[in-house]
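So the structure is just underneath, and the comments pick up after that.
The values are calculated or read from the model by the stated rules, or taken from the named source; none is laboratory data. Quick caveat: nothing in here was measured; it's all calculated off a predicted structure. As a convention, Cβ positions derive from the backbone with ideal geometry for all residues, glycine included, and neighbour counts pool all protein chains shown. Ligands, DNA and RNA are excluded from the accessible area calculation, which covers all protein heavy atoms including side chains. Shrake-Rupley method; radii C 1.70, N 1.55, O 1.52, S 1.80 Å.
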Amino acid sequence: MSARILVAEDDEKQSRLIRIYLEREGNAVQVVADGRAALERARAAGLDLLVLDVMLPLVDGLDVCRILRAEACEVPILLLTARSTEEDMLLGLDLGADDYLTKPYSPRELTARVRALLRRSRKGGAAGSEVLRVGAVELDTARFEVRVAGRPVALTSKEFSILEALAREPGRVFTRARIIERAFGFDSDVLERTVDAHVRNLRRKLGDDPARPRHLETVYGRGYRLADGSAPTQAPTQAPAGS
């Protein structure tokens, strides 16, 4: 199925290469060269994915990401950057990006990441509605909607995938590696701290107190679980790095 993809990249050679490879996959691709144009196009209805370079003129990619998420724009975002430190990657994820690719990268890796993001964002979209309820948390997997005690919560596609994986087996402890397998797929090279960044964002959006989470619990030395309400949540005594 063809996807509508916006590429925001000011390097003409890079944007042309990205466009060629994504169009070979059957996608409809638009290209813009600055952050202001990226914001205008992304706000318009109908985008399936935004491929967003961090170093853009007028408005940089991180600010584009921050603004779109503040406006509850849920289009999946793949960040491209020459910054390769873990802190830079976690900052992008904290701002609401779904995935992160550092330069230089191969066109095959880029297209694989795009396919994975599109597959996750479309999962269950053509099927009948399935609603998962775990305590006060409710997920409609077909409509890509989440509510907590009736309050709507806007999640990115990766945040939704992580929460869905945990909600399908409430109370079960998922290691970070297992979460990566379920939410990112085997074709994605993801650091375990990426999971921690997404969990941190999920807790904030679900209204969890990190010191005494009601929904997304940390099981020290193991991973995370979605509380099923069968036992009282224990206050943590020591927080793992990045959680």
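Sort all Cα-Cα distances of the range 1-123 into consecutive 10 angstrom bins from zero, then give the percent of pairs in each bin up to the one containing the longest distance.
Bin by bin from 0 Å, the calculated values are 14, 52, 33, 2.
Report, in deg cm²/dmol and to the nearest 500, the calculated mean residue ellipticity at 222 nm for the chain, where each DSSP H run with n ≥ 4 adds -39500 (n - 2.57) and the sum is divided by the residue count.
Details: 8 runs with 91 residues, N = 243.
That calculation yields -11500 deg cm²/dmol at 222 nm.
Using only alpha-carbon positions, what ratio does the radius of gyration of the range 1-71 give when scaled by 2.2 N^0.38 Å? Working shown, then result.
Values: Rg = 11.6 Å, N = 71, 2.2 N^0.38 = 11.1 Å.
Expressed relative to 2.2 N^0.38 Å, the Cα Rg reads 1.04.
Over its Cα atoms, what ratio of radius of gyration to 2.2 N^0.38 Å does the range 41-110 give? Write out the running numbers ahead of the final one.
Details: Rg = 11.7 Å, N = 70, 2.2 N^0.38 = 11.1 Å.
Taking the Cα Rg and dividing by 2.2 N^0.38 Å, one obtains 1.06.
So for each of 90-102, 24-36 I average, over its residues, the number of other beta carbons within 10 Å; can you give me the resulting order with the highest mean first?
Values: 90-102: 21.8, 24-36: 16.2.
Going by the mean number of other Cβ atoms within 10 Å, highest first, we get 90-102, 24-36.
Once you put a point 7 Å from the Cα of Tyr220 and another 7 Å from the Cα of Glu181, both along the Cβ direction, what distance in nm separates them?
About 2.6 nm separates the two model spin labels.
Determine the sum of side-chain charges near Thr218: Lys and Arg each +1, Asp and Glu each -1, restricted to other residues whose C-beta is under 13 angstrom from that of Thr218.
Around Thr218, the surrounding residues sum to +3.
Give me the percent of Cα-Cα pairs in the chain that sit more than 30 Å apart, rounded to a whole number.
25
For the chain, what is the accessible area per residue in Å², given a 1.4 Å probe and the full set of protein chains? Walk me through the numbers on the way to the answer.
On the way: 11680 Å² over 243 residues.
So the chain comes to 48 Å² accessible per residue, rounded to a whole number.
In nm, give the distance between the simple-model label positions of Val173 and Ala44, each being 7 Å from the Cα along the Cα-to-Cβ direction.
Each label point is offset 7 Å from its Cα along the Cβ direction, giving 5.0 nm.
Mind putting a number on the dipole of the chain about its Cα centre? Charges go on the C-beta only, +1 for Lys and Arg and -1 for Asp and Glu, and I need it in Debye to the nearest 20. Present the calculation step by step, with values, prior to reporting the outcome.
Details: 38 positive and 37 negative charges, 129 e Å.
Computed charge dipole of the chain: roughly 620 debye.
Report the one residue of Ala116, Pro57, Gly135 whose Cα lies farthest in the direction of the positive end of the charge dipole of the range 5-145 (charges on C-beta: Lys and Arg +1, Asp and Glu -1; origin at the Cα centre).
The residue sitting most towards the positive pole is Ala116.
Sorted by mean Cβ packing within 10 Å, highest first, what order do the peptides 103-110, 63-70 take?
On the way: 103-110: 12.1, 63-70: 19.4.
Those peptides, ordered most packed to least, come out 63-70, 103-110.
Just the number, please: Stokes-Einstein D of the range 69-113 in µm²/s, Kirkwood Rh from C-alpha pairs, 4 °C, 1.567 mPa s. Walk me through the intermediate numbers first.
Details: Rh = 11.2 Å.
D = 115 µm²/s.
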